[in-house]
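Data first, discussion second: the structure below is written as structure tokens.
The values are calculated or read from the model by the stated rules, or taken from the named source; none is laboratory data. Not measured: the values here are computed from a predicted model. Glycine gets a Cβ as well: all are built from the backbone with ideal geometry, and neighbour counts include every protein chain shown. When the accessible area is computed, the model is the full protein with side chains, heavy atoms only, and any ligands, DNA or RNA have been set aside. Shrake-Rupley method; radii C 1.70, N 1.55, O 1.52, S 1.80 Å.
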Amino acid sequence: MTVNGLPLARPEGRPLDPPPELAEIRARAPISPMTYPDGHEGWLVTGYAQARAVLADNRFSARYELAHLPYGDFGRLPPAPAGDISAIDPPEHTRYRRLLAGAFTVRRMALLAERAEEITVGLLDAMAGQGPPADLVTALAQPLPGLMICELLGVPAAEREGFQRHAAAGILDADVTPEDAYRAWAALSEHIGALVPIKRAAPTEDLISDLTAGDLTDEEITGLGVFLLGAGLDTTGSVLARGVFALLTHPEQFALLRADPGLVEGAVEELLRYLSIGPCGLRTALEDVEVDGVLIRAGQTVTISQPAANRDPARFPDPDALDVRRDAAGHLTFTHGIHQCLGQHLARLELRVALRGLIARFPTLRLAVEPGDVPMRDEYANVYGLYRLPVAW
């Protein structure tokens, strides 16, 4: 049975669950033919094992310009801008990845942990000082990843307020137009570009300085900085906000974390599995490839639904239940293969620190509105999010 475009509509009253059609499609065939909005005949992958196989196979390309979008008819995408390593293939991808890998080791993330703690304490102090109700998105979920990216890239302290302002404006919310967001990202690019010659002349302990020691051009370093900002800002902030929303709408799970903060590390993995970051990833076959008995022809685009794969009962028993005691290792929220998220250690660090801080500081945290009144940001298809998360304590 051919699927007509990627299902996107959430079930009524369950805003954090995937579209129910995905489970039905997965039960019929974990790799299903799909007609794309532009008429392209490609595939939809909803099974965990099949998604992992496609993501691990370098015969599938991540290049934007080869892919067809599974939602909306926006025309073909242009090639990735300089520095966007998520949408280029080897050998270019290999070169950039090696240069960046040292910045995202577990050891380097451990060095950033102290700053994450300090930043989180400061943000929670400000939230407490304001008093309830507070918007957790603007109080914590947006600024924490932004400030941590500033630490990683080496943005000077005097410039961070302006950097944060542009970063917040670059995320589409109810009051930001696409034009405003574009201008904000252009300003962030200028911020990062202006830092590159400064770091070349006087390097410090940060990622941009590290990159200037190699043979990259200023444009490439700027592009990598903008890519890392985009990859780590809205994604981590989105998971944090939606993760807290999930816990507050599953109070028994929040109570487990309150009683045993040692569960937080595993809870982060479960929230990543349960929520996913966006609706899908895209790959295009460079040659004929057989996956799980299905022949995918050269040139066909494959849409990988991480929300469906992460809820596959063949991999995760009772997958629609949120269980902070579950072993959720192996989820595909950070994808898999050579394009597995480079900043996953930083994202995990921020999520752990933020959740532990919230639980310790606000053990009586609760929603300040009915769950149905929390404004979801699902129409911005690349990254799921919340416009606001009103909380009280």
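Is it the case that residue 267 is in contact with a Phe, Trp or Tyr (Cβ under 7 Å, 6 or more places away or on another chain), open to solvent by less than 10 Å² (accessible area, probe 1.4 Å) and touching a residue at least 60 places away in the same chain (Cβ under 8 Å)? In short, no.
Quick one: would you say residue 119 is closer than 21 Å to residue 228 by Cα and modelled with pLDDT of 95 or more? Explain how you work it out, then say what you get.
Working: closer than 21 Å to residue 228 by Cα: yes; modelled with pLDDT of 95 or more: yes.
Yes; evaluated as a whole, the condition is true for this residue.
Just one residue in the set 391, 383 is open to solvent by 10 Å² or more (accessible area, probe 1.4 Å) and either touching a helix residue (DSSP H, G or I) at 6+ places or on another chain (Cβ under 9 Å) or part of a strand (DSSP E or B) (or both); that residue is 383. For region 98-116, a residue qualifies if it is at pLDDT 90 or above and either open to solvent by 70 Å² or more (accessible area, probe 1.4 Å) or farther than 16 Å from residue 153 by Cβ (or both), and the qualifying residues are 113, 114, 115. Among the residues of region 253-267, are any part of a helix (DSSP H, G or I), closer than 21 Å to residue 13 by Cβ and not hydrophobic (A, V, I, L, M, F, W, C)? Yes, there is a match, as at least one residue in region 253-267 is part of a helix (DSSP H, G or I), closer than 21 Å to residue 13 by Cβ and not hydrophobic (A, V, I, L, M, F, W, C).
For the residues 123, 112, the requirement of being under 24 Å from residue 161 (Cα atoms) and without any contact (Cβ under 8 Å) to a residue 40 or more places away in the chain singles out 123. Restricting to region 197-230, and then to whatever is buried (at least 18 other Cβ atoms within 10 Å of the Cβ) and in contact with a Ser or Thr (Cβ under 6 Å, 6 or more places away or on another chain), can you tell me which residue is nearest to residue 98 (Cα to Cα)? Filtering region 197-230 for residues that are buried (at least 18 other Cβ atoms within 10 Å of the Cβ) and in contact with a Ser or Thr (Cβ under 6 Å, 6 or more places away or on another chain), the one nearest to residue 98 (Cα to Cα) comes out as 226. One residue is enough: does region 150-159 have a residue meeting the conditions small (Gly, Ala, Ser) and without any contact (Cβ under 8 Å) to a residue 24 or more places away in the chain? There is at least one residue in region 150-159 that is small (Gly, Ala, Ser) and without any contact (Cβ under 8 Å) to a residue 24 or more places away in the chain. Report yes if some residue within region 270-292 is within 26 Å of the chain's Cα centre (by Cα), part of a helix (DSSP H, G or I) and of a type in the set (Gly, Ala, Ser); otherwise report no. Among the residues of region 270-292, not one is within 26 Å of the chain's Cα centre (by Cα), part of a helix (DSSP H, G or I) and of a type in the set (Gly, Ala, Ser), which makes the answer no. Take the conditions (1) part of a loop (DSSP other than H, G, I, E, B); (2) more than 23 Å from residue 100 (Cβ to Cβ); residue 246 misses just one of them, which is (1). Selection of region 142-157 for residues being within 17 Å of residue 205 (Cα to Cα), open to solvent by 10 Å² or more (accessible area, probe 1.4 Å) and in a helix (DSSP H, G or I) yields 147, 151, 157. Is it the case, given these coordinates, that residue 66 is in contact with a strand residue (DSSP E or B) (Cβ under 7 Å, 6 or more places away or on another chain) and open to solvent by 30 Å² or more (accessible area, probe 1.4 Å)? Yes: the conditions hold for residue 66. In region 28-63, of all residues being over 11 Å from residue 304 (Cβ atoms) and charged (D, E, K, R), the one that is least open to solvent (accessible area, probe 1.4 Å) corresponds to 57.
If I ask for residues that are in a loop (DSSP other than H, G, I, E, B) and crowded, with 24+ Cβ neighbours inside 10 Å, which ones from region 298-310 would you list? Lay out the reasoning, then the answer.
Within region 298-310, the subset in a loop (DSSP other than H, G, I, E, B) is 298-300, 305.
If the condition is that a residue be in a loop (DSSP other than H, G, I, E, B) and crowded, with 24+ Cβ neighbours inside 10 Å, then 305 is the only one that fits.
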